[in-house]
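What follows is a short report on a single structure.
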Amino acid sequence: MKPDLFQAPDYFNLDELLTDEHKMVRDAAREWVKREVSPIIEDAAQKAEFPKSIIGGLAEIGAFGPYIPEEYGGAGLDQISYGLIMQEIERGDSGVRSTASVQSSLVMYPIFKYGTEEQKKKYLPKLASGEMMGCFGLTEPDYGSNPAGMVTNFKDKGDHYLLNGAKMWISNAPFADIAIVWAKNEEGRIHGLIVERGMEGFSTPETHNKWSLRASATGELIFDNVKVPKENLMPNKSGLGAPLGCLDSARFGIAWGAIGAAMDCYDTALRYAKERVQFDKPIAGKQLQQKKLAEMITEITKAQLMAWRLGVLRNEGKATSSQISMAKRNNVEMAINIAREARQILGGMGITGEYSIMRHMMNLESVITYEGTHDIHLLITGMDITGMPAF
Ligand code: TGC
Ligand code: FAD
C-alpha cells in the first residue's frame, strides 16, 4: 500500500470552532492512525482478519469510552472529541471504527447508563483499557430493521435466568469477552443482559465471506439454555428504548466516522489527479475531474458542519434521535458517493489495494446498512416531520 500522506481538508476553517482539547485529541488519533493503522490495514482486510494488535493503541487514544467519566476508566471527553476520534479512526478503516463504536457506545454506554454500580466497577475500567472486549446483540435472523419482534428470551429460574435464542451480524462477536444481549422476559418486555464468554451453552461462530468490513470480525451469538446470573441483568432501563438509546450514541459516532472515510477518499483522489498525466496534462486540470473533486469538498464541508452542530447539541443534551438519524443517513450517503467517484478518478489503480478507496467503498456498504438502514433513517425523519410512522 502507498505511504499515508493524508492531509485533512478544512475548507471552511472549521478548526476555529474546535477547542484546544478537541484539536489535541483529534491530532493524537490522526497520528496514531498514520503510524499504527495505515501500514497494516490493507493486509488485514485482504486476509479478512481483525488486527487485534491495535486494541492497546485504541485504548491509549481514548477510543474506548471517550465520554465515559474517568472514575470508570473512560476519557471523560465531550461529544465533539468523541466524534473527532471516530472520524480519525474511520479515516483509517470503518471496521476499526466499528470495533471502537461497539466497545464505547454499545457496550460501555449501556453498562454506564443502565447498569448497577457493581456492574460499572466490574466491567467499565477493563473495557476502557481494552483488557476486555465486548459486543452488542440486537439483530436476529428474522428481525433486523424491526428489533421489537425479537424472539431471544429469558425465563426466571429462581436463582438465575435461562437464556435462549440467536443473534446475527454481531460485530466483535468472535473474540468478545462479554456480550450485551437484548432479550424478552416472560412478559415480553425487552431487557439487557451481560453474557460472559465461557458460560455454558453460549457460542459465537464467525461469519465468513464478507466483501465489506473485512478487517472487522463479525459473528453470531447462540444461546442454548445459558444460565445467566441474576446480577447480570442491567436494571435501570427496559423496553426497546434501552437498546435504541445506545444506537443514538453509536449513530452519532458514525455520522462523524463517515466524514473520515470521505476525507481519505477525497484527499487520495485529489493527490492522484494532480500527479496523473493524460493527454499531456494532469487530469486535475480537466473539467470533468474538477467537477467531481469540487462536489466532494462541498459535500464534505456540509457534512462537517452538520456533525459539528450535532455535537454541540449533544453536549447541551438537546440532540434528538431524529436529528442523529438525519446526520447518520446524510453523512454515510455522502461518503459512499465520494468513494465511488474517487475510485473513478484513479482509473484502474482505483480497484487495487495500493490505495484505500476501494476498501472504504466496500466498507461503507455495511455502514449504510448497520445501525439502521438508509431507508429506516429516512422513515425516522419522515415520521418526525409528519407525525405518521410509515415503517
Ligand atoms: P417505537 O415504537 O418507535 O419505539 C419504541 C420505544 O423506543 C423509543 N425510541 C428511542 N429511544 C431512544 N433512542 C431512539 N433512537 C429511539 N427510537 C425510539 C420510543 O420512544 C419508544 O419508547 P417507549 O417508552 O414509548 O416504549 O419502535 P418501533 O418498533 O416502531 O421501531 C422504530 C425503529 C424502526 C425506528 C427502530 O426499530 C429502529 O431504529 N430500527 C433499526 C434497527 C437498528 O438500527 N438496528 C441496529 C442494530 S446494532 C448495529 O447495527 C450495530 S453495528 C455496530 C458497528 O459495527 O459499528
Ligand atoms: P432488513 O431489516 O431485512 O432490511 C432489508 C431491506 O428492507 C433494507 O433495504 C431495509 O431498508 C428495507 N426495509 C426494512 N423495513 C422497511 C420498511 N418498513 N419500509 C421500507 N423498507 C424497509 N446488529 C447488531 O445487533 N449488532 C452488531 O454489532 C451489528 N453489526 C453489524 C455488522 C455488519 C457488518 C452488518 C452488515 C450488520 C450488523 N448488524 C449488527 C446488523 C444490522 O444492524 C442490520 O443488518 C440492519 O439493522 C438491517 O437489518 P437486516 O440486515 O435484517 O435487513
Under the helix-only model (-39500 (n - 2.57) for each DSSP H run of 4 or more, divided by the residues of the chain), the mean residue ellipticity at 222 nm, to 500 deg cm²/dmol, is -15500 deg cm²/dmol
In degrees between 0 and 90, to the nearest 10, how far off the longest principal axis of the chain does helix 38-47 point, with axes built from Cα atoms? 60 degrees
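How charged is the neighbourhood of Gln344? Take every other residue with its Cβ under 14 Å from the Cβ of Gln344, and add Lys/Arg as +1 and Asp/Glu as -1. Intermediate values should be presented prior to the final figure.
Working: positive: Arg276, Lys286, Lys291, Lys292, Arg340, Arg343; negative: Glu295, Glu341.
Taking every other residue near Gln344 into account, the sum is +4.
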Taking Cα atoms, how many degrees apart are the long axis of helix 79-92 and the longest axis of the chain, rounded to 10 and kept between 0 and 90? 60 degrees
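Output the relative contact order of the chain, whole-number percent, from Cα pairs under 8 angstrom with separation of 6+ residues. Before the final figure, lay out the partial values.
Values: 743 pairs, mean separation 71.0, N = 391.
Averaging sequence separation for qualifying contacts and normalising by length gives 18 percent for the chain.
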What chymotrypsin sites (Phe, Trp or Tyr not before Pro) does segment 228-332 have in DSSP loop regions with at most 14 other beta carbons within 10 Å? Phe279
Cβ crowding within 10 Å averaged over residues, with 153-164, 100-111, 177-188, 12-23 ranked highest first: 100-111, 177-188, 153-164, 12-23
If one takes the longest principal axis of the Cα atoms in the chain, at what angle in degrees, from 0 to 90 and to the nearest 10, does the Cα axis of helix 287-315 lie? 40 degrees
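Give the carbon-plus-sulfur fraction of the accessible surface of the chain in %, rounded to a whole number; probe 1.4 Å, heavy atoms of protein chains only. Walk me through the intermediate numbers first.
Values: 8630 of 16830 Å².
Within the chain, the accessible surface is 51 percent carbon and sulfur.
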If I take R0 = 41 Å and measure r between the Cβ atoms of Ala28 and Glu186 in this structure, what FRET efficiency does the formula 1/(1 + (r/R0)^6) give, to the nearest 0.05? 0.25
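Checking the table Lys120/Lys184; Lys52/Lys230; Lys52/Lys167 against a 30 Å threshold on Cα-Cα, which pairs fail? Before the final figure, lay out the partial values.
Values: Lys120/Lys184 23 Å; Lys52/Lys230 32 Å; Lys52/Lys167 23 Å.
Distance filter (> 30 Å) returns Lys52/Lys230.
Return one whole number: the accessible area per residue of the chain in Å², for a 1.4 Å probe. Could you put the intermediate results ahead of the total?
On the way: 16830 Å² over 391 residues.
Normalised by residue count, the accessible surface of the chain is 43 Å².
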Lysines whose Cα lies under 27 Å from that of Lys286, excluding same-chain neighbours fewer than 8 positions away: Lys2, Lys274, Lys302
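Pull out a ≥ b ≥ c, the square roots of the eigenvalues of the alpha-carbon gyration tensor of segment 327-391, then state rounded if a/c is under 1.5, prolate if not and a/b is larger than b/c, and oblate in the remaining case.
Details: a/c = 4.68, a/b = 3.10, b/c = 1.51.
It is prolate, given that a/c is not under 1.5 and a/b is the larger ratio.
The values are calculated or read from the model by the stated rules, or taken from the named source; none is laboratory data. It should be emphasised that the depicted structure is a prediction, and the values quoted were computed from it without experimental measurement. Cβ coordinates were reconstructed from backbone atoms using ideal geometry, including for glycine residues, and neighbour counts include every protein chain displayed. Heavy atoms of the whole protein, side chains included, go into the accessibility calculation; ligands, DNA and RNA do not. Shrake-Rupley method; radii C 1.70, N 1.55, O 1.52, S 1.80 Å.
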